[in-house]
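Each remark here refers to the structure printed beneath this line.
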Amino acid sequence: RAGRAARMGGTVALVAGLLAGAGTPAWADATRDAQWPLSFLNIAEAHRISQGEGVIVAVLDTGVDPTQPDLTGSVLPGLDAVTTAGDGHTDASGHGTSMAALIAGHGHGQGNADGLLGIAPKAKILPVTVWPPGTMSLRPKDVAAGIRWSVDHGAQVINISGGGMSNPVLEQAIDYAMSKNVVVIAAIGNSSTEPGPGYPGAYLDVIGVSAIDQTGNFDPAVSVQGVSVDLAAPGTRVVNPKDAKTYETTSGTSISSAMV
């Protein structure tokens, strides 16, 4: 608990510093201009300090498509934890690719001025498929296997934009990540589909994330709430990739978790 409190204190201090940063930058194209979290979080100022160089972020999700233009060259070989085969590069729903782009999208085109800019555009994505194809139901054993594999393959941060019921196997995997000093971040749950905070986001050692809107207020229409929430981040009407060529605007704590 003490170690977690120290980590959280530093994170909150950093977020507070970013929110107090300089004025709103002018972005390059329509997609970039529509990314209100960039200005809201003063990402241009943050990028003067770090753009995620040298950091590997594991995205435990539906897989990540490495051909998405804003992610070209940023996606490492991963794992399909559901079948224990494959490299995590197949994404049937697009959800995992969207989360990866929000984390590490670097844009595309001349000077990377077009498309989506992520929070950490120089980070690398380690894709781990934990959702069985055709479903959005997480199985604890798949998530647990994905966590352990990610830790053993160099991830410093693990993002899980989803959740479900608590399970001893899942909790043990979180303990393993903590023992290796790997930060685990997870969505706390969407109020439209979840009765309450989901796991692993609700575990003590996981940073559980809820959603705020463009005014900086908690959005009860999007996010569940409770004592399990550690941080909040933009999650209302946020632009993200729909596929390799188009973008869409969606809401949810999946987005908020990726932002954190």
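Where a number appears in this text, it was derived from the coordinates with a stated rule and is not lab data. What you are looking at is a predicted structure, and each value in this text was computed from that prediction instead of being measured. As a convention, Cβ positions derive from the backbone with ideal geometry for all residues, glycine included, and neighbour counts pool all protein chains shown.
Remarks
- A helix-only calculation puts the chain at -8000 deg cm²/dmol for mean residue ellipticity at 222 nm, using -39500 (n - 2.57) for each DSSP H run of at least four residues, averaged over all residues.
- Dipole of region 194-244, positive end: most advanced residue of ALA244, ILE207, VAL222 [Cβ charges, Cα centre]: ALA244
- For q = 0.12, 0.20, 0.22 Å⁻¹, Debye-computed log10 I/I(0) when each Cα of region 175-260 counts as one equal scatterer: -0.36, -0.83, -0.94
- Magnitude of the charge dipole, region 19-127, Cβ model with Lys/Arg +1 and Asp/Glu -1, debye to 20: 300 debye
- Close amide H contacts of ALA232 (hydrogens built in the peptide plane, cut-off under 5 Å, sequence separation of 5 or more or a different chain): SER210.
- Distance from the C-alpha centroid of region 99-142 to that of region 145-201: 16 Å, rounded to the whole angstrom.
- Answer label, with semi-axes √(5λ) of the Cα gyration tensor in Å calculated from the coordinates and candidates [x] 35, 21, 18; [y] 25, 21, 17; [z] 30, 24, 19: [y]
- Put a plus charge on the Cβ of each Lys and Arg, a minus charge on the Cβ of each Asp and Glu, and nothing anywhere else: the dipole of region 111-260 about its Cα centre is then about 340 debye.
- Taken about its Cα centre, the chain carries a charge dipole of about 460 debye when Lys and Arg each add +1 at the Cβ and Asp and Glu each add -1 at the Cβ.
- Cα gyration tensor shape for region 177-220, rounded if a/c is under 1.5, else prolate or oblate: oblate
- With a cut-off of 12 Å between beta carbons, the residues surrounding GLY109 carry a summed charge of -2, where Lys and Arg count +1 and Asp and Glu -1.
- Taking a span of 24 Å or more along the helix axis (Cα atoms) and a mean Kyte-Doolittle hydropathy of at least -1.0 as the rule, the DSSP H helices of the chain that qualify are 2-19.
- Farthest positive-ward along the chain dipole, Cα basis, beta-carbon charges - from SER161, GLN172, ILE188: GLN172
- Point-to-point label distance, THR249-ASP175, nm (Cα→Cβ direction, 7 Å offset): 4.6 nm
- Under 19 Å from the ASP205 label point (7 Å along Cα→beta-carbon), backbone N, region 116-146: 140-146
- Eligible lysines near LYS141 by straight Cα distance, threshold 29 Å, same-chain separation 8 or greater: LYS124, LYS180, LYS242
- Among 121-128, 228-235, sorting by the average number of other beta carbon atoms lying within 10 angstrom of each residue, highest first, gives 121-128, 228-235.
- Gain on full stretching of the segment that runs from THR84 to ARG48 - 0.36 nm per residue minus C-alpha separation: 9.0 nm
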